[in-house]
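Beneath this line is the structure, given in structure tokens, with notes to follow.
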Amino acid sequence: MKSITSTTQIMADFAVNTGYEALPYTAVEIAKISIIDGVGVCLAGSQSSASKIIADYVSEGNSKPEATVISRGYKTSASEAALANGTMMHALDYDDCAEAFLGHPTTVILPAVLALGESNRISGKEALLAYILGYEVGNKIGLGMGPAHYDVGWHGTATVGTLAAAVAAAKVLKLNVQKTRMAMGIAASLAAGLRQNFGTMTKPLHAGNAARNGVFAALLAQKGFTADPGILEGSFGYARVFKGAAEPNLEEMTKNLGAPFEIVSVPPIIKLYPSCRATAGCIDAILYLVNQHAIKAEDVAEVECRTSSHTPQILIHPRPQTALEGKFSIQYCMAIAIVDKEVGLGQFTDHKVQSPKIQELIKKVKFVHPPEMGYTMADSLRGRVEVVVRLNNGTEFSRLVKVAKGDPENPLTKKEMESKFLDCARLVFSRQDAKRCLDKISTLERMKDISTLMRVLNSPGGGDN
């Protein structure tokens, strides 16, 4: 592994000394889109079983009421609010993701920023700056670690995300360079999350725990708690221990920090479907085919999903039995798309997954991996796919998708983004309250105190008083 003076020092210095005025307009606008998306999926996710368990757990404590647990009507400590909100935001696997981040950035960074930001009454500009810097550091660390970190079994949302959340939290607290390095050092020892838990409640817990640990690390550092100041590059530090099968590239972690900002050069992928991103291209294809050709489940002989050879390493549940497993099953996503002709929030229930009709159709779905579809994680998340449907009468239909909807090269329209947000928020708020929340985030940079936003998110009808 090629060494440089201090990767940790360079990153901390960049985060501490970058102000809002350094942010390009595009970075702020993209950040607001992801924050809108994150809040929306958090509202919808708050109704899940995993979220209810976490929210109940947090409410049982006697923590100081510093920060809002979204949609729950109460406050708790900043770290516990970050835990609850991060878990809820990732509960449906509907939140944004980023290839370089090796996972989901907003679900770990935003809960940390909102929790500490509310308790410290920061402005909207300060919140946006902390979020963008967390994204920058997380993406750079992910780039340096490379896909091998993910391939060996680590969940980047948890491992990369903990450091990203810590840097964002340190920025909210206005820590100096030395204390930001301490926060990163503490966070690195708290980072963990295993991909074996995909398809269970523990996967969204990865996000909540990363957000909480980021807040916890920054608060400890603020009080003078110590850690190794060179945690990224140290002999037994983050990069070497978490490296996976390939050597990490420390130079990549600090190369062109903020020039341009990662959120501009590689914006997050906004999901159109509440399932793992690796299902998106095939869902695009199957929905086109079933609607274009009026395909019925009883007429299907076989569905062939031509994807990257890496994709089955992500979609690890070929015979799912629960809604959470269904989110990581190309077989289920194809089957439910054929039966329901849509793939939305209502399609991921245990009842639907366990339906005999669906289970029978699942058996007819298979993977194939032509060389031209690639073999990397990037190919699985953003590469081309093709779906071929063969009917009992011998008819065959196929659809090639070069870039799935939601990718920066094929982004959701403003109308689609607003529709997704309102569809998620309606599970908790009235349309009027949801629209008011949307308007506030859309003008976040004008907000003098983000507590204004958090009051709206605390409960339906929450006012500005």
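We did not get these values from a lab; they are worked out from the coordinates using the rules stated. Note that the structure is predicted; figures quoted are calculated from it, not measured. We place every Cβ from the backbone using ideal geometry, glycine too, and count neighbours over all the protein chains shown.
Of all DSSP-defined beta bridges confined to region 277-401, some 75% are antiparallel rather than parallel.
Considering only GluC sites (Glu not before Pro) in DSSP loops that have at most 13 other Cβ atoms within 10 Å, the longest stretch of the chain without any of them is 61-408. Taking Cα atoms only, the orientation of helix 25-45 departs from the longest principal axis of the chain by about 70 degrees.
Listed peptides 287-295, 70-78 appear in the order 70-78, 287-295 once ranked by packing, highest mean of other Cβ atoms within 10 Å at the front.
Stretching the chain fully between Arg319 and Ser265 yields a gain of 15.7 nm (0.36 nm per residue, less the alpha carbon separation).
Each of the peptides 86-95, 197-206, 218-227, 139-148 was scored by the mean count of other Cβ atoms within 10 Å over its residues; in descending order, highest first, they stand as 86-95, 139-148, 197-206, 218-227.
In order along region 374-389, the phi-based Karplus estimate (6.51 cos²θ - 1.76 cosθ + 1.60, θ = phi - 60°) of 3J(HN,Hα) comes to x, 8, 10, 4, 4, 5, 5, 8, 10, x, 6, 9, 9, 10, 10, 10 Hz; Gly and Pro are listed as x. If the chain linking Glu409 and Lys174 were pulled fully straight, counting 0.36 nm for each residue of separation and taking away their Cα-Cα distance, it would gain 81.1 nm.
The angle between the Cα long axis of helix 106-119 and the main principal axis of the chain comes to about 40°, on a 0 to 90 degree scale. Computing volume of the Cα convex hull per residue in Å³ directly from the structure and comparing it against [x] 213; [y] 126; [z] 153 singles out [y]. Within the shell of other residues whose beta carbon sits under 15 angstrom from the beta carbon of Ala323, the net charge comes to +1, with Lys and Arg scored +1 and Asp and Glu -1.
Of the trypsin sites (Lys or Arg not before Pro) found in region 387-465, those that fall in a DSSP loop while having at most 11 other beta-carbon atoms within 10 Å are Lys448. Within the shell defined by Cβ-Cβ distances under 13 Å, the residues around Leu133 carry a net charge of 0, with Lys and Arg each +1 and Asp and Glu each -1. Of interest is the spacing of the C-alpha centroids, which for region 45-78 and region 403-446 amounts to 23 Å.
Projecting label points 7 angstrom from Cα along Cα→Cβ for Tyr20 and Val368 puts them 5.6 nm apart. Expressed as an acute angle from 0 to 90° and rounded to the nearest 10, what is the orientation of the C-alpha long axis of helix 414-425 relative to the principal long axis of the chain? The answer is roughly 80 degrees. Multiplying the residue separation of Arg426 and Glu29 by 0.36 nm and subtracting their alpha-carbon distance yields 140.5 nm.
Within the straight-line cut-off of under 14 Å between alpha carbons, the aspartates and glutamates reachable from Lys402 are Asp284, Glu372, Asp379, Glu386, sequence neighbours fewer than 8 places apart in one chain being disregarded.
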